[in-house]
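Everything on this sheet refers to the single structure shown next.
The values are calculated or read from the model by the stated rules, or taken from the named source; none is laboratory data. Source: prediction; values computed, not measured. Counting neighbours? That spans all protein chains shown, and the Cβs are built from the backbone with ideal geometry, glycine included.
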């Protein structure tokens, strides 16, 4: 069940007075044990994997807050200490928290995130604020502006290249960004999973090559499911390809695509019902992306940041060369380490070659990896935890 904006506003009118009153008496903990709150819409990505590693630390108590009831219940089923960010009963815990960790800005930090979302000029905050971010995108994101506007104490990134891009040359912001790597990629590098277990989770056949189709959304512009063919005809051709080449075709559209392209979503779901080798791994049903990347042998995308996680597996990537509505790039079009296709015929040719010759573009992938990542060693979480403990000393 989704919590409406009106319900959240009503909850806040009850939560805020109690929070302010108790804040006069309750301060962040000062003992050896530190309390860490993770505040995000979803328990996924860097939030999830850093939480799971910090949970093992003997001197850390961790919990997760969200404003989405369904997400709180999902996290609880995973054994996570998950709470509603406007829960009155949790106020003492919120006030004792030493550090808040976020991935999309401070919106879900109890009280302070809610207030500063509407009144950004209010600078009051409690505890340290840490940003783990959510992706290595192609666009020059506003991350540095967020770190500065909300006075974050610490942030994590994957390379000096991105620290320079996000800080925009501001030495104050650059000093807050530590090169640690992203916790969510540790399992990919470590090869932590068993493919059979992931296939069972996704309910897909085993012993077949998996092609993951994961383009980005339209960024405010209408975006077709596949740029050079209607959904029904394209899926018919994909089904035939998968039959001939012993493949599964996994479809994972961007969250915002489902919100903005409702008609195409309905067509897609109806067409898949009749297909044997095409599977919809929606981010609503299968929230965690990393295991899906791990089981995929080929990635098909356009300008999605998912390519910059998948590249760590050093497997083929096919880029659909579509127009991307971005004025400022962080990465350039030349940083696409794989096939760049401009029409349907080129796409199927590249797909066939990727299945048969996965080592093509291997050297370019390694070169781009060096630009994107300083560390490729499955120790990102450890470095993040070390930096967090430093600012709490």
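So that you can scan it fast, the table gives a plain yes or no per residue for (1) in contact with a helix residue (DSSP H, G or I) (Cβ under 9 Å, 6 or more places away or on another chain); (2) assigned by TED's automatic domain parsing to the domain that holds residue 132; (3) within 24 Å of residue 389 (Cβ to Cβ); (4) at pLDDT 95 or above:
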residue: 12; (1), (2), (3), (4): yes, yes, no, no
residue: 15; (1), (2), (3), (4): yes, yes, no, yes
residue: 18; (1), (2), (3), (4): yes, yes, no, yes
residue: 25; (1), (2), (3), (4): yes, yes, no, yes
residue: 30; (1), (2), (3), (4): no, yes, yes, no
residue: 34; (1), (2), (3), (4): yes, yes, yes, yes
residue: 37; (1), (2), (3), (4): yes, yes, yes, yes
residue: 43; (1), (2), (3), (4): yes, yes, yes, yes
residue: 49; (1), (2), (3), (4): yes, yes, yes, yes
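Residue 152 passes every criterion in (1) surrounded by 17 or more Cβ atoms within 10 Å (Cβ to Cβ); (2) more than 20 Å from the chain's Cα centre (by Cα); (3) more than 23 Å from residue 315 (Cβ to Cβ) apart from (2). Applying a threshold of 7 Å to beta carbon distances and a minimum spacing of six or more residues, or different chains, the list of pairs starting in region 351-367 at a residue that is in contact (Cβ under 8 Å) with a residue 12 or more places away in the chain and ending at one that is surrounded by 13 or more Cβ atoms within 10 Å (Cβ to Cβ) and assigned to a helix (DSSP H, G or I) reads 351/241; 355/245; 360/353; 365/311. Which residues, taken from region 213-271, are within 19 Å of residue 305 (Cα to Cα) and touching a strand residue (DSSP E or B) at 6+ places or on another chain (Cβ under 9 Å)? Hits for region 213-271 are 213, 214, 215, 216, 219, 225, 226, 227, 250, 251, 252, 253. Can you say whether residue 245 is out of contact with any helix residue (DSSP H, G or I) (no Cβ under 6 Å at 6 or more places or on another chain), surrounded by fewer than 16 Cβ atoms within 10 Å (Cβ to Cβ) and in the same structural domain as residue 293 (by TED's automatic domain parsing), as far as the supplied structure shows? Spelling it out, it is not the case that residue 245 is out of contact with any helix residue (DSSP H, G or I) (no Cβ under 6 Å at 6 or more places or on another chain), surrounded by fewer than 16 Cβ atoms within 10 Å (Cβ to Cβ) and in the same structural domain as residue 293 (by TED's automatic domain parsing).
For region 16-49, filtering for residues that are under 30 Å from residue 378 (Cβ atoms) and either part of a loop (DSSP other than H, G, I, E, B) or touching a strand residue (DSSP E or B) at 6+ places or on another chain (Cβ under 6 Å) (or both) leaves 14. Does residue 391 satisfy the condition of being modelled with pLDDT of 95 or more and out of contact with any strand residue (DSSP E or B) (no Cβ under 8 Å at 6 or more places or on another chain)? When the stated conditions are applied, residue 391 does not pass them.
Please return the ranges of helices (runs of 4 or more DSSP H) entirely within region 279-393 where 3 or more residues are under 30 Å from residue 28 (Cβ atoms).
Per the criteria, 380-392.
Any residue in region 33-40 that is without any contact (Cβ under 8 Å) to a residue 40 or more places away in the chain and within 22 Å of residue 128 (Cα to Cα)? Yes, there is a match, as at least one residue in region 33-40 is without any contact (Cβ under 8 Å) to a residue 40 or more places away in the chain and within 22 Å of residue 128 (Cα to Cα). Look at residue 186 and say whether it is touching a helix residue (DSSP H, G or I) at 6+ places or on another chain (Cβ under 9 Å) and either touching a residue at least 12 places away in the same chain (Cβ under 8 Å) or buried (at least 19 other Cβ atoms within 10 Å of the Cβ) (or both). Yes; evaluated as a whole, the condition is true for this residue. Being modelled with pLDDT of 95 or more and in a loop (DSSP other than H, G, I, E, B) is the filter here, so list the residues in region 231-275 that pass it. Scanning region 231-275 gives 246, 252, 275.
Would you call residue 328 touching a helix residue (DSSP H, G or I) at 6+ places or on another chain (Cβ under 9 Å) and outside the structural domain of residue 157 (by TED's automatic domain parsing)?
Answer is no for this residue.
Yes/no per residue for (1) over 19 Å from the mean Cα position of the chain (by Cα); (2) outside the structural domain of residue 387 (by TED's automatic domain parsing); (3) not in a strand (DSSP E or B):
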{"residue": "75", "(1), (2), (3)": "no, no, yes"}
{"residue": "83", "(1), (2), (3)": "yes, no, no"}
{"residue": "91", "(1), (2), (3)": "yes, no, yes"}
{"residue": "107", "(1), (2), (3)": "no, no, yes"}
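Restricted to region 336-364, and to residues that are in contact with a helix residue (DSSP H, G or I) (Cβ under 6 Å, 6 or more places away or on another chain) and closer than 21 Å to residue 138 by Cβ, which residue is surrounded by the most Cβ atoms within 10 Å (Cβ to Cβ)? Only one residue tops the list, namely 337.
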